[in-house]
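Before any comments, here is the structure.
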Amino acid sequence: MKKKVHRFISFLLRRIVSLLRFIYSYKTFEYVDLSLKTRIRSYWLQPIFKQCDKTVSFGKIGLIHGGECITIEEKTYFSDYIYLTTWPNLVKEKPSLMIGAYCDFGAFNHITCTNKMTIGNNVLTGKWVTISDNNHGDSSMEMLKMHPLKRPIISKGPVVIEDDVWIGDKATILSGVHIGKGAIIAANAVVTKNVPAYSVAAGNPAKIIKQPTLQRDSQA
């Protein structure tokens with residue numbers, strides 16, 4: 001009896017798959033499958049955060065830690081293997097990580113906060129981007145003589161990334177940095193100083209390679 005039931009179920013599944021193959025292409029079926037997984041994963045993760053809009057979606061997760069200090073606004077998407085962390089257990093004052101709406105974070109991004117970090121709306125990042133407001137110690141001899149894991153977590157200040165910023169692959173944004181609206185951070189750049197709005201920064205350490213020029217009124 002069990003064998004007959006098993007054969008019937010197998011037959012039924014094959015028929016259903018054949019019908020789906022006839023109606024939809026493989027790419028369409030794959031998209032539907034991935035979309036369903038993303039929705040289920042996102043609904044599962046959203047309650048972890050202090051505040052997370054129901055339209056926020058996640059790919060495969062690398063690590064989420066300290067979600068009670070993280071706020072995410074609507075329609076923001078995190079690609080696969082995102083590392084999204086705050087560390088309230090390592091600092092005296094509770095950290096704050098606020099992420100705006102309509103952002104798109106590339107795969108393997110690492111966003112870590114022990115102080116305060118604000119990421120605006122419509123921010124786009126490539127893959128392997130690091131955004132950090134903290135470090136293990138500093139370069140003083142006292143710190144260098146300590147094992148890295150035993151060095152205290154320090155921060156040079158909050159990180160602010162304004163709206164419409166585009167950050168290229170493998171770029172690194174360090175603590176105390178303010179990136180103005182519409183700025184572009186080139187791939188592999190290491191940003192240690194402020195970047196003005198609508199400018200382009202590149203290099204290690206990053207330097208401004210292009211800035212907007214004020215257009216004079218032709219009738220002046």
Considering every residue within region 117-128, establish whether at least one is surrounded by 17 or more Cβ atoms within 10 Å (Cβ to Cβ), of a type in the set (S, T, Y) and within 10 Å of the chain's Cα centre (by Cα). yes
When you scan region 142-159, how many residues do you find that are at pLDDT 95 or above and surrounded by 18 or more Cβ atoms within 10 Å (Cβ to Cβ)? 1
Residue among A197, A201, A187 that alone is part of a strand (DSSP E or B), over 19 Å from T112 (Cβ atoms) and either over 25 Å from the mean Cα position of the chain (by Cα) or not polar (S, T, N, Q) (or both): A201
Among V56, V129, which is the only one that is in contact (Cβ under 8 Å) with a residue 40 or more places away in the chain and either outside the structural domain of G180 (by TED's automatic domain parsing) or aliphatic (A, V, I, L, M) (or both)? V129
When only residues in region 163-184 that are of a type in the set (V, I, T) and assigned to a loop (DSSP other than H, G, I, E, B) count, which is farthest from C113 (Cα to Cα)? V165
Pairs returned, first residue in region 115-126 that is assigned by TED's automatic domain parsing to the domain that holds C69, second residue that is crowded, with 23+ Cβ neighbours inside 10 Å and of a type in the set (D, E), beta-carbon separation under 6 angstrom, 6 or more apart or interchain, are N115/D133; M117/D133
Does I153 fit the bill of being in contact with a helix residue (DSSP H, G or I) (Cβ under 6 Å, 6 or more places away or on another chain) and among the β-branched types (V, I, T)? yes
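Quick grid of which residues meet (1) without any contact (Cβ under 8 Å) to a residue 40 or more places away in the chain; (2) closer than 11 Å to V129 by Cα; (3) under 17 Å from the mean Cα position of the chain (by Cα):
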{"site": "E142", "(1), (2), (3)": "yes, no, no"}
{"site": "L149", "(1), (2), (3)": "yes, no, no"}
{"site": "P152", "(1), (2), (3)": "yes, no, no"}
{"site": "V160", "(1), (2), (3)": "no, no, yes"}
{"site": "D164", "(1), (2), (3)": "no, no, yes"}
{"site": "A171", "(1), (2), (3)": "no, yes, yes"}
Can you name the residue in region 51-78 that is among the polar types (S, T, N, Q) and modelled with pLDDT of 95 or more and is also nearest to I99 (Cα to Cα) among such residues? T71
Test set (1) aliphatic (A, V, I, L, M); (2) touching a residue at least 12 places away in the same chain (Cβ under 8 Å); (3) closer than 25 Å to V91 by Cβ - A197 fails condition number: (3)
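The values are calculated or read from the model by the stated rules, or taken from the named source; none is laboratory data. For clarity, every value in this text was computed on a predicted model and none was experimentally measured. Don't worry about glycine lacking a Cβ; one is built from the backbone with ideal geometry, like all the others, and counts go over all protein chains shown.
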